[in-house]
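So that we are looking at the same thing, I have put the structure below in structure tokens.
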Amino acid sequence: MAEVTKRILEAVGLNPARFRIDWASAAEAPRFVQIVTDFTEAIKKIGPLGEPEGLDKETLKLRLAAARELCTKNRFRAAYGNLARAIKKEGDYSPESIARKVEEKLVPLIKKELLEAEIKALLAKGPVSIETLLSKTGASQEEVTAVLEGLSKRGQVVREGDLWQPKTS
Amino acid sequence: MAFEPKILSFFCHWCCYAAADSAGVARYQYPPNNRVVRVMCTGRIDPRFIVEAFYVGADGVLVGG
Amino acid sequence: MEAGRSPNIEIITLAELKELSGKPGNFKAKLEVRPRYVDPTKCTACGMCTTYCPKEIVDEYNEGLDFTASIHIDYPQAVPTVYYIDEKSCLRLNHESCQLCANVCGPNAIEFDEKPEERELEVGAVVLAIGFGRVPEEVLERYGYGKYPDVLTSLEIERLTCASGPTEGEIVRPSDFAHPHRIAFLQCVGSRDETCGNGYCSTVCCMYAMKEASVVKEHAPEAEIDLFFMDIRTMGKGFDEAFNRAVEKYGFRTIYARVPKVEQVGRKLALTYVTEDGKTHRDFYDMVVLSVGLDAPADAERLADLLGIELNKFGFAATKTAAPLETNVPGIFVAGAFQGPKDIPESVVQAHGVAAECSELLAEARGQDVVHKEFPPEDVELEREEPRIGVFVCHCGVNIASVVDVEAVRDYAAKLPHVVLSENVMYSCSQDAQADLVKKIKEYRLNRIVIAACSPRTHEPLFQESLREAGLNPALIEMANIRDQCAWVHAEDPEAATKKAMDQVRMAVAKAARLEPLELQKVPVTPVALVIGGGAAGMSAALSVADQGYEVHLVEREEELGGNLRRVTGLLSGEDPQKILDDLIKRVQKHEKIKVHTGTTVENISGYVGNFTSTLRRPEGSEVVNHGVVIIATGGRENRPERFGLGENDRVLTQLDLEDELTRKGGRLSRARSIVMIQCVGSRGDGLNYCSKLCCQQAVKNALRIKKRYPKKDVYVLFRDMRTYGFSEDAYREARKAGVIFLRYQAEEKPELVTQGKSLRVKVKDALLGEELLLPCDLLVLSVGIAPGENEELSKLIKAPLTGDGFFLEAHVKLMPVELPVEGVYVCGLAHAPKPLDETLAQARAAAAKAVIPMAKGFVEVPPIVSRVDQAKCIGCGICADLCPYGAIRLVKVGKRKKAETITASCKGCGICASHCPVLAISMGGFTDEAILAQIEAFGEFVEKEAAEEPKEEAA
């Protein structure tokens, strides 16, 4: 869970250190205090959400909305659930192994789905050029083109000249 | 004004939430920036909760097992 | 906590038993109850009294390493969570001079006039669980304790390493508060030492020393720690493994030497000791920890006189191997360290076992005086209405109100959506406030309640009860923790604390609006037990369950009952194991509630706690039985490794073979002049990874039996660590006195068997001489250990995991030592781990006690925090079923498709299923996605509010 969450934040463009998971048993009050204090300090250092990451409010909202959508998508959730199942079956809970598996199985999916959601959200506001999409999403030409082609194959977007827009039926 | 981060915490009923209570009993002091959601176990935590927290504007999210 | 909350357990503290009369089932007990000077029904444990008490006293709970006040509580989790006045030091009680605590106590709980009280109780049985005593100071003084400040006891280290202890977990030397670099742990202080009267082994110290040393290392990684042992006695389940892991991880040095004394040289402590090779060493340390043993409890003799119970020569309760939990007085039982030094898991096992003893004795009267609370029916109509939320903001005297502006929080809450009533309460947990809550619910037709006060962990059950009294479902409450996690921890910033309290209240209200009534799930229980395994463990468990009044199917794979005990012919206690076995078999066969199935195997166990169905297979056909619980007592088997020619050479036996030999006249034993025993053959990393716990006792026992019968024969025992723990240390000493020769060998230099012509010799390196010895050997007896039985198949049938060593894994080593992670399934005997007979018998009763609980209740009640699957959404992928740690989700056929279904009785509410469901088809009672998301959304308003405030401030 932690690893996946961090990778989603990364994909959104947020510092993954904004999310932390730690443990303190019922008897470890001082440790708990340490955890909360340290984390608060760490976040103070990082700064307000989006600011140090160079994300303006609008982009941030857009991307987080895309991440929200991702988290409820069956495809992502199935992959996430299956990965957890595979890890449990193998019994290898070392951070390295989990990180490797998440990198292999989930990160490409996260990136692709996020980008798709973002592009859809941008297109929903009106026709957009590839250049605008590139600058708003921060993705590469190849990635954006791949998403647009996929969407157009499914008949969800059309291209008119240099601009792309959602297909209206 | 100094930046006061807004932190959402998810604490496990049996562990961190209990530790947080003990910290209170012992009168330890810590920064007042976090707000707490109690869950029965960290297994309950869905990545979407974390994303949602950032979506509504959290500067940081802490999960305590 | 659990005991404190049960309506059927009354905890009487500060009490002493003064008289006991009557007979089993019908005792009268006279108690003297000393005053606490604080009314437990009023005290809210706010701690104000301690803060103001001017009289400082030494904190005995913290081993005198800290100070506390005359009115105090030992530690925050103490039960009852009520402060008390130390009579000896209180200024008011002794000098009539002070009453600050009474002045500051909000709820007026202080009662200086309280007098000692006599109470008479009618009880059916008595359990003595008086624990252990302390090793006298004069024994500790031999090691410089009291004279040199940096010589500490292990109990003191326990407090020092405690995060909430006097140093908050920092390890410092008392002499100069410096961090010690070199630390020595001296074992067997006040144990295995006849000079102080404690000839026995305290059993727990080797393990706790390792634990303490590990904790010290965690706190102070630079510390170098040496542990001085006579033998390393880590014989419990998984202990060797844990010990070795710690030694490797932390680089402990383990030294076989008994350190005779400690001297102070400058700022260091000098230890002079002789190792087993005869060399003398002198080393310097910054701190020395005395691993103190467990003495007989101080009150033992007084109780023995009072009750007529026998003590053993060390002052512990005398018990028999066949009945480890019974004193010589019927109806008076014993459990825990008073029965003999033991660790937490063993104590908990005995505690469970003793509950079975009482339940057997009092079976007839079961349920007679049980307290059940009755509640009015729920107002379903009201619950279905739109949320009408009542918010109660607690002052908790000044605990919350002195920091948080509770009136402001109240006014803030009043404006939140769905809130129809918002009030302040002085003490929301007080009885009158509870009554008022019930009244307000009815008056304002409230259907959701938010209590902004302390922690739901401690107080939610109380409020839930009030809800039920008011005819509301107990799930319709949400607490906002504005005391423990707000006022108390942000005392220096009232403004921020008030803001936080408002936010937590808003989040609680948001969640409350989405709370749904949850049915308290009750699953009926078939009052029949299935006991698998007809050895000593299985038969004792079956007898206990049957004597407690429930039917038992006892299944044994072989054609006759008895298991491994059939091969044991003597016991250290002098009791006859075959008589114990015969008694068990006879009682089992005669018992009208026990149906014995010999020559039978169990196939196909399906169902869940309360409702299992199993197929019992016999060669001639199978039978299906229904039962509510399962006890696994499938035993273990003798390990027979191919070492030293075992199985080929008829002069090589195992200890169990020898048991048989010892009953014969003539034969190999009588002809042998020199008998060599080798311990740990095929164990402790040589084949089996673990220690089998009982072989050392068995070897000593058999060596003694040989010496008794044939005093002239030579007996050698070659060992790695003699693990004659507890009172069997006596037998070890006796064996040495009787001339049995004990020689330690190293794991890396194992003894070898050498053939010289027709005669055999055992070659072993002697540590003291530094030479190899050739011992004449006419009979070689191997202590081979106990291998797990065929547990794997059963583990799959029952879906309960095994340990890496192949034994059943208990649900919790300390708290649930006989329960498996699968609810309704229990384990005892060698199926759990190798152990001697007395421990097996105690554990069998423990398993029986636990197994009877659901049957006696008649139903299994499930807290409504369980998961529920919306089968319309479910796609049957099975991820939830695979991830569930409790086997509480199964796939069932619904029409043509597979769907997940929660086995409510097994669910613990962790929610891992819900968080991993691809189609969001699973909801958690009380913690639905909607409720949690509503809390997060409400949190978001805090962000927005702040954001809205910020520019204003900048403008100003």
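All of the numbers you see were taken from the coordinates with simple rules; none came from a lab. Note that this is a predicted model, so its numbers are computed, not measured. Quick reminder, even Gly has a Cβ in these numbers, built from the backbone with ideal geometry, and neighbours come from all protein chains shown.
Just the projected area, averaged over all directions, of the convex hull on the alpha carbon atoms of region A:2-166: how many nm²? Please list the in-between numbers first.
Details: hull surface 46.8 nm².
Answer in nm², one decimal: 11.7.
Taking neighbour counts of Cβ atoms within 10 Å as a proxy for exposure, in what order, fewest first, do C:Lys320, C:Lys693 appear?
Sorted ascending by nearby Cβ count, the order is C:Lys320, C:Lys693.
C:Lys55: which lysines have alpha carbons under 28 Å from its alpha carbon, excluding same-chain residues fewer than 8 sequence positions away?
Straight-distance partners of C:Lys55: C:Lys42, C:Lys88, C:Lys115, C:Lys147.
Let me ask you something else. Among C:Lys211/C:Lys737; A:Lys167/C:Lys898; C:Lys857/C:Lys898; C:Lys799/C:Lys893, which pairs are too far apart, with a Cα-Cα distance over 28 Å? List each step's numbers first, then the result.
On the way: C:Lys211/C:Lys737 34 Å; A:Lys167/C:Lys898 38 Å; C:Lys857/C:Lys898 34 Å; C:Lys799/C:Lys893 20 Å.
Listed pairs above 28 Å: C:Lys211/C:Lys737; A:Lys167/C:Lys898; C:Lys857/C:Lys898.
If you add up the charges near A:Glu58, with Lys and Arg at +1 and Asp and Glu at -1, over every other residue whose beta carbon is less than 13 angstrom from its beta carbon, what do you get?
That sum, taken over residues with Cβ under 13 Å, equals +3.
From the residues C:Val438, C:Tyr725, C:Thr526, which one has its Cα farthest along the dipole of chain C in the positive direction, the dipole being from +1 and -1 charges on Cβ of Lys/Arg and Asp/Glu about the Cα centre?
Of the listed residues, the answer is C:Tyr725.
Order by neighbour count: A:Met1, C:Met235, C:Met816, fewest other Cβ atoms within 10 Å first, most last.
Placing the least packed residue first, the sequence is C:Met816, A:Met1, C:Met235.
Which of C:His179, C:His832 has the fewest other C-beta atoms within 10 Å, and how do the rest follow up to the most? Walk me through the intermediate numbers first.
Numbers: C:His179 15, C:His832 28.
Starting with the residue having the fewest Cβ neighbours, the order is C:His179, C:His832.
Moving on to the next point. 5 Å is the cut-off here: which amide hydrogens, built 1.01 Å from N in the peptide plane, fall below it relative to A:Val158, excluding neighbours closer than 5 in sequence?
A:Gln165, A:Lys167
While we're here: Would you mind giving the mean number of other chain beta-carbons within 10 Å of the Cβ of each residue in A:61-73, as a whole number?
Per-residue shielding by partner chains comes out at 4.
For C:Thr275 and C:Arg567 in the same chain, what is the full-extension length gain: residue separation times 0.36 nm, less their Cα-Cα distance, in nm?
Residue separation times 0.36 nm, minus the Cα-Cα distance, leaves 101.2 nm.
How many percent of DSSP beta bridges within the protein assembly as shown run antiparallel, rounded to 5? Could you put the intermediate results ahead of the total?
Details: 90 of 174 bridges.
Bridges in the protein assembly as shown that DSSP calls antiparallel: roughly 50 percent.
Still on this structure: Calculate how large, on average over all directions, the projected area of the Cα convex hull of region B:7-64 is; give the answer in nm² to one decimal.
3.8
Okay, moving on. Each label point is 7 Å from the Cα along the Cα-to-Cβ direction; what then is the distance between the points at A:Ile130 and C:Thr663, in nm?
With each label placed 7 Å out from Cα toward Cβ, I get 9.2 nm.
Would you list which lysines come within 19 Å of C:Lys217, measuring only between C-alpha atoms, while excluding same-chain residues fewer than 8 positions from it?
Within the straight-line limit of under 19 Å, C:Lys217 reaches these lysines: C:Lys249.
For chain A, modelled as a GNM with alpha-carbon contacts under 10 angstrom, which of A:Ala117, A:Ala26, A:Ala84 fluctuates the most?
A:Ala26
Still on this structure, I have one more. For chain C, what is the Kirkwood estimate of the hydrodynamic radius, computed as the reciprocal of the mean inverse distance between distinct Cα atoms, to one decimal in Å?
On the way: mean 1/r = 0.0314 Å⁻¹.
Over chain C, the inverse of the mean reciprocal pair distance is 31.9 Å.
Counting only DSSP beta bridges with both residues in chain C, tell me the antiparallel percent, nearest 5.
Counting only bridges with both partners in chain C, antiparallel ones make up about 55 percent.
Give the average, rounded to an integer, of partner chain Cβ atoms located within 10 angstrom of each Cβ in C:453-460.
Mean shielding by partner chains, rounded to a whole number: 3.
Write down the Kirkwood hydrodynamic radius of region C:462-585, to one decimal in angstroms, obtained as one divided by the mean of 1/r over all alpha carbon pairs.
Evaluated on region C:462-585, it is 20.5 Å.
Using alpha-carbon pairs under 8 Å, 6+ residues apart, how would you state the relative contact order of region C:768-827 in percent?
Relative contact order here is 19 percent.
Excluding residues on the same chain fewer than 8 positions from C:Lys750, give the lysines whose Cα lies under 21 Å from its Cα.
Leaving aside lysines fewer than 8 places away in the same chain, those within reach of C:Lys750 are C:Lys693, C:Lys763, C:Lys765.
Continuing with this model, one more query. According to the square roots a ≥ b ≥ c of the eigenvalues of the Cα gyration tensor, what is the shape class of region C:835-907, taking rounded for a/c under 1.5, prolate for a/b larger than b/c otherwise, and oblate for the remainder?
It comes out prolate by the Cα gyration axes.
So, one more: Assuming a viscosity of 0.890 mPa s and a temperature of 25 °C, what translational diffusion coefficient in µm² per second does Stokes-Einstein assign to the protein assembly as shown, Rh being the Kirkwood radius over Cα pairs?
Translational diffusion coefficient: 72 µm²/s.
As an exercise, use a Förster radius of 35 Å and the Cβ-Cβ distance of C:Glu519 and C:Leu797 to find the FRET efficiency, rounded to the nearest 0.05.
With R0 = 35 Å, the Cβ-Cβ based efficiency is 0.65.
To the nearest whole number, what is the average tally of beta carbon atoms from other chains within 10 Å of the beta carbons of peptide C:160-167? Provide the component values of the computation, followed by the final result.
On the way: counts 0, 0, 3, 13, 9, 1, 0, 0.
Mean inter-chain Cβ contacts per residue within 10 Å come to 3.
Related question: Figure the gain on full extension for C:Ala129 and C:Asp582 (residue separation times 0.36 nm, minus the Cα-Cα span) and round it to one decimal in nm. Kindly include the intermediate steps, with their values, before the conclusion.
Numbers: separation 453, 0.36 × 453 = 163.08 nm, distance 3.04 nm.
Length difference between fully extended and current span is 160.0 nm.
Rounded to the nearest 0.05, what FRET efficiency is calculated for C:Glu137 and C:Glu114 with R0 set to 25 Å and r the Cβ-Cβ distance?
0.15
While we're looking at this one, here's another question. Give me the distance in nm between label points sitting 7 Å out from Cα along the Cα-to-Cβ direction at C:Val624 and A:Lys167, one decimal.
5.6
Something else about it: For B:Phe10, enumerate residues with amide H under 5 Å from its amide H, sequence gap 5+ or separate chain, H modeled in the peptide plane.
Sorted by chain and number, the residues that satisfy this are B:Val37, B:Leu62, B:Val63, B:Gly64.
Taking the Cα centre of the protein assembly as shown as origin and charging only Cβ (+1 Lys, Arg; -1 Asp, Glu), how large is the dipole, in debye to the nearest 20?
Using only the charged Cβ atoms, the result is roughly 3700 debye.
Can you give the relative contact order of region C:257-413 as a percent, counting alpha carbon pairs under 8 Å and 6+ residues apart?
Numbers: 142 pairs, mean separation 14.5, N = 157.
Relative contact order comes out at 9 percent.
Could you tell me the relative contact order of region A:2-166? Use alpha-carbon pairs under 8 Å, at least six residues apart, and round to a whole percent. Walk me through the intermediate numbers first.
On the way: 122 pairs, mean separation 34.2, N = 165.
Relative CO of region A:2-166 lands at 21 percent.
Does region C:768-876 classify as rounded, prolate or oblate by the C-alpha gyration tensor (a ≥ b ≥ c root eigenvalues; a/c under 1.5 gives rounded; else a/b over b/c gives prolate, otherwise oblate)?
The shape class here is prolate.
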